[in-house]
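As structure tokens, the structure follows; a few thoughts come after it.
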Amino acid sequence: MIEFSEKVCCSEVKVKVGRGVLGELDSIKGRKCVVHPKSLPLEVKGDLDITLEDGERGKDISNALSIVDKLLDAGFTRGDSLVAVGGGTVMDVAGFSASIFMRGLNLVNVPTTLLGMVDAGIGGKTGVNYGNAKNMIGTFYQPSLILDDLSFLDTLPEEELRRGLAEVIKYALVLDKELYDFLSLNSGAILRKDNDALERVISSSVKDKLAVVSEDERETKGIRIVLNFGHTIGHAIEAGSNFQVPHGLAISAGMVCEAKMAEELGYAEEGVVEDVLWLLHLFRLPISVEQLNSRVEVEKALSAMVKDKKRRGEEILMPFPTRIGNWRAVKIPLETLEGLAKQCLSNGGGP
Ligand SMILES: NC(=O)c1ccc[n+]([C@@H]2O[C@H](COP(=O)([O-])OP(=O)(O)OC[C@H]3O[C@@H](n4cnc5c(N)ncnc54)[C@H](O)[C@@H]3O)[C@@H](O)[C@H]2O)c1
Ligand SMILES: O=C(O)C(=O)C[C@@H](O)[C@H](O)[C@H](O)COP(=O)(O)O
Ligand SMILES: [Zn+2]
């Protein structure tokens, strides 16, 4: 078992990674409301159990308010806790409910997908989709405890594992060259869910993400935006496909587009795009819009893209890879970005 603790602004965030860490839930004081997807057999019993539709369709404001209603009906107070058990979609909605209920109920995240363990469960971004765009309503609200119990991954299909690996590859490409090398050398062990390999991948990801979040929790200092590499195009792809393309796959193709933009605009060293393609290919992740096997409506994607949260006026602050494990923030005029994005979304390969 591996344990970390990080101070994020005003709260202490504790993370435990390993098999069986779920048992830690017994140490939580007060009443517990457990929110979990209908599809996941419940291993955790709370004083109040709430089931939630998972997937992007579940990330709706009505579901967040329904959780609030149920907490109120059951007489929950701010001394109690909400335990979000599920993938990224469940934690995003349940975390949002916890943050608005009486201005904040203690939140515990129990991710059950790899993507949830390495990314969505950490860092305090919560929210729901709105106006055909991702996470348009949400809060920054830190969980006090995150339990990454590897036994959940036993039932996770390989396809879902690979979607989570797309976010891991994101950290490797822009923050962590050592992780890039580890992924390159250990794809077989990771894909066959070797316990040590997964523990290594998850703990490196958690550390990388928490280090960034602790420096710039609210994404106001131009630091946290690095975690959004691949997401300007990725989120646009999700919206352009009416949310048929899953997040992990959309950002996989998104990272390729954004790396190509970085190269074309002269910010990425020669060879970076090849390194991005190589690692994604190794984990059988999509490297173009064509490979997503879904219809992506370009105009719909572009109109979602201009709602990106990194936009300021007529510019957008993009995190571009410079060389493996390094990045820089670059202000790009919206018009330039639209042109490059259109090319990438339309021909499945460009710019
Ligand atoms: N808040 C953040 O910082 C953050 C970071 C990254 C992604 N996200 C969000 O997370 C979402 C994607 O999360 P996700 O990929 O976990 O999707 P998800 O929550 O839809 O889960 C994917 C699928 O896995 C199934 N599943 C969950 N646990 C399982 C298990 N243990 N065994 C078998 N099946 C299981 C679910 O039922 C679902 O069908 C997106 O909405 C994305 O925007 C948020
Ligand atoms: O934690 C972050 O910051 C991220 O950007 C992590 C992303 O992987 C994640 O998909 C996040 O939900 C995107 O947030 P948004 O602000 O672009 O909606
Ligand atoms: Zn993401």
- Task: Can you work out which of the residues in the stretch 316-328 that are touching a helix residue (DSSP H, G or I) at 6+ places or on another chain (Cβ under 8 Å) and outside any loop (DSSP other than H, G, I, E, B) is nearest to Asp208 (Cα to Cα)?
- Result: Trp327
- Task: Just one of (1) closer than 26 Å to Val298 by Cβ; (2) within 14 Å of ligand 1 (Cβ to nearest atom) trips up Gly240, so point out which.
- Result: (2)
- Message: Out of Lys134, Lys125, I need the residue that is within 16 Å of ligand 2 (Cβ to nearest atom) and in contact with a His (Cβ under 9 Å, 6 or more places away or on another chain). Which one?
- Response: Lys134
- Task: State yes or no: is Leu65 more than 16 Å from ligand 2 (Cβ to nearest atom) and surrounded by fewer than 18 Cβ atoms within 10 Å (Cβ to Cβ)?
- Result: yes
- Query: Looking at Ala211, Ala236, Ala259, Ala250, which is the one that is touching a strand residue (DSSP E or B) at 6+ places or on another chain (Cβ under 6 Å) and modelled with pLDDT of 95 or more?
  - Reply: Ala259
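How many residues are in a strand (DSSP E or B), more than 16 Å from ligand 1 (Cβ to nearest atom) and closer than 23 Å to Val118 by Cβ when one looks only at the stretch 12-70?
Pass one, the stretch 12-70, residues in a strand (DSSP E or B): 12-18, 32-37, 48-52.
Imposing the further condition that a residue be more than 16 Å from ligand 1 (Cβ to nearest atom) reduces the set to 12, 14, 16, 32-33, 48-49.
Going one step further and asking which of them are closer than 23 Å to Val118 by Cβ, we end up with 12, 14, 16.
Of the residues in the stretch 12-70, 3 are in a strand (DSSP E or B), more than 16 Å from ligand 1 (Cβ to nearest atom) and closer than 23 Å to Val118 by Cβ.
A quick yes/no check of all residues on (1) free of Cβ contacts under 8 Å to residues at least 60 places away in the same chain; (2) closer than 20 Å to Tyr130 by Cβ; (3) not assigned by TED's automatic domain parsing to the domain that holds Ala301; (4) not basic (Lys, Arg):
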{"site": "Ile202", "(1), (2), (3), (4)": "no, no, no, yes"}
{"site": "Ser205", "(1), (2), (3), (4)": "no, no, no, yes"}
{"site": "Asp208", "(1), (2), (3), (4)": "yes, no, no, yes"}
{"site": "Glu217", "(1), (2), (3), (4)": "no, no, no, yes"}
{"site": "Leu227", "(1), (2), (3), (4)": "no, no, no, yes"}
{"site": "Gly240", "(1), (2), (3), (4)": "no, yes, no, yes"}
{"site": "Ala253", "(1), (2), (3), (4)": "yes, no, no, yes"}
- Query: Does Gly46 fit the bill of being over 21 Å from Val128 (Cα atoms), assigned by TED's automatic domain parsing to the domain that holds Ile146 and surrounded by fewer than 17 Cβ atoms within 10 Å (Cβ to Cβ)?
  - Reply: no
- Task: Looking only at the stretch 243-277, count how many residues are surrounded by fewer than 24 Cβ atoms within 10 Å (Cβ to Cβ) and either within 16 Å of ligand 1 (Cβ to nearest atom) or closer than 18 Å to Leu161 by Cα (or both).
- Result: 4
- Query: For residues in the stretch 102-116 being touching a residue at least 60 places away in the same chain (Cβ under 8 Å) and touching a Gly at 6+ places or on another chain (Cβ under 7 Å), which is surrounded by the most Cβ atoms within 10 Å (Cβ to Cβ)?
  - Reply: Leu114
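The values are calculated or read from the model by the stated rules, or taken from the named source; none is laboratory data. Bear in mind the structure is a predicted one, so any value in this text is a computation, not a measurement. Methodologically, a virtual Cβ is constructed for each residue, glycine included, from the backbone with ideal geometry; neighbour enumeration extends over all protein chains shown.
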